[in-house]
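Here is the structure we will look at.
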Amino acid sequence: MNQFLEAVGIALSAIWANKLRSFLTVLGNIVAVSSIIAVVSLVQGLNSSVSGAITSQVGADSFMVGRSGPTRTEEEQLRAQSHPRVTLDDANALRGASERIRFVMAESGGSAEAKTRRETLESLSIQGVTKEYVLLASTVIETGRAMTPGEFDGKRNLVVLGFDAADRLFGGLDPIEKYLTIAGIRFRVVGVHKAKGAIFGQSQDEFAVMPLGAFQRLFGNRQSLRLTVMPSDQTVIKAAMDDATIAMRIQRRLRPAEPDNFGIVTSDTFLALYEQITSGVFAILIGVVSLSLVVSGIVIMNIMLMVVSERTREIGLRKSLGARRRDILWQILTESITLSTLGGMIGTSLGFLIAFVISQMTPLPAIVEPWSVVLGISTTAVVGLFFGMYPAMQAAALDPIEALRRE
């Protein structure tokens, strides 16, 4: 251990004695590692945000039944357009399909102009839902109250506003029990949803939730519904999906040989599709950035060869005083690794700073993962070891007599 620390001390002294040259040597490392760390932090932040958005929309403990699942080809998209609409009859069929299905919520979505005396929102997201909406874990009313089952069944003109929608429409006023018009129809506000935040700078809180019957009076009842199915327990979600598939096939009178004319998806389905689309892009992006590490390693090797040439007499003197080949090899390798790792440490810090600045100035989020710190520093140490090996072997192979003769 003492020998290692002594070697590191000698290496740091050599680096400090040639500050400008050392900085220019590791500049490639700094640029490469800072780019890699910044990209990894932004990719991790992007993945986390997308995962959170998908989970919040679909739910980690539920699944959705719709007109179709995710379509990957034009043929699948055309086939999905011919599927029949999902209706309340389908929802009722699922509700009585199995004891493993706890409840089924039907919903539909659209957008319309919303007005108060203070403000107008030209395109407010509108969600029409059935009474099971209040049972969802994601339904958290911050002020006011949720709508009652009787109000859902009575198709009352009531809304629960998203946090930002309430703020923009009513400003500093309490919106509870106040009125607004949506598509020219008067609605009463009974609650305000807890803030969900924003994704990529896009607010998730500009929406209004109303009973599905009231929604269909505004938009008509010809829109296909989306059914959120909550299993009785998360451990039986696969069995509940099988039960839902059977119930939908029976409801639609499909023969055994006929394919499903509906789609059943979970949050994992969308996450897998997202990863399939982006994983290759992210890998190529990180790979291209990593190429600069190879260039940096070649620069380090060239500089270390020059260092060996400059210190030929010193190496010869050490050998004549009893230094072994492995001592010389270790000395040059330690200097190469220390030099490269120092660049990695600076690059890691700079990479996090770049990612933080980007996340503050743009909608792109950034997440600092502990493993990325280890990745940045350990990668540069490996680069220093690999590209320092040849100069170290050259130094270790020097003949002490010839080395002492050299001017």
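In this structure the amide hydrogen of Leu254, modeled in the peptide plane, comes within under 5 Å of no amide hydrogen from residues 5 or more places off or on another chain. Just to be sure I follow the rule: in the chain, considering lysines 8 or more places apart or on different chains, how many pairs have Cα atoms under 19 Å apart? Lysine pairs, 8 or more places apart or on different chains, close enough: 5. Note on segment 103-228: Cα convex hull, mean projected area over all directions, 7.5 nm².
May I ask for the distance between the Cα centers of segment 187-248 and segment 298-345, given as a whole number of Å? Measuring centre to centre over Cα atoms gives 66 Å. Note on Gln81 and Ser292: with the Förster distance fixed at 45 Å, the Cβ-Cβ geometry gives a FRET efficiency of about 0.45. Projected label points at Asp327 and Leu27, each 7 Å from Cα along the beta carbon direction, are separated by 3.7 nanometres. Could you pull out every whole DSSP H run in the chain that spans at least 24 Å of Cα extent along its own axis and averages 0.0 or higher on the Kyte-Doolittle scale? Span-like helices in the chain: 19-58, 267-310, 325-361, 370-396. Between Phe356 and Ser320, the FRET efficiency from the beta-carbon distance, with R0 = 51 Å, is close to 0.45. Counting only DSSP H runs of at least 4 residues, each contributing -39500 (n - 2.57), and dividing by the residue count of the chain, the helix-based mean residue ellipticity at 222 nm comes to -19000 deg cm²/dmol.
This ranking places Trp330, Trp371 by how few other beta-carbon atoms lie within 10 Å of each, fewest first, which gives Trp371, Trp330. Tell me, what is the FRET efficiency for Leu254 and Glu74 to the nearest 0.05, using R0 = 30 angstrom and their Cβ-Cβ distance as r? The pair Leu254/Glu74 has a calculated efficiency of 0.80.
Can you list, bin by bin at 20 Å, the percent of alpha carbon pairs in the chain, starting at 0? All Cα pairs considered, the percentages come to 21, 35, 22, 17, 5, 0. Between Thr143 and Val192, the built amide H atoms are under 5 Å apart, and every one of these is 5 or more places off in sequence or on another chain.
All of the numbers you see were taken from the coordinates with simple rules; none came from a lab. None of the values given here were measured: they were computed from a predicted structure. Counting neighbours? That spans all protein chains shown, and the Cβs are built from the backbone with ideal geometry, glycine included.
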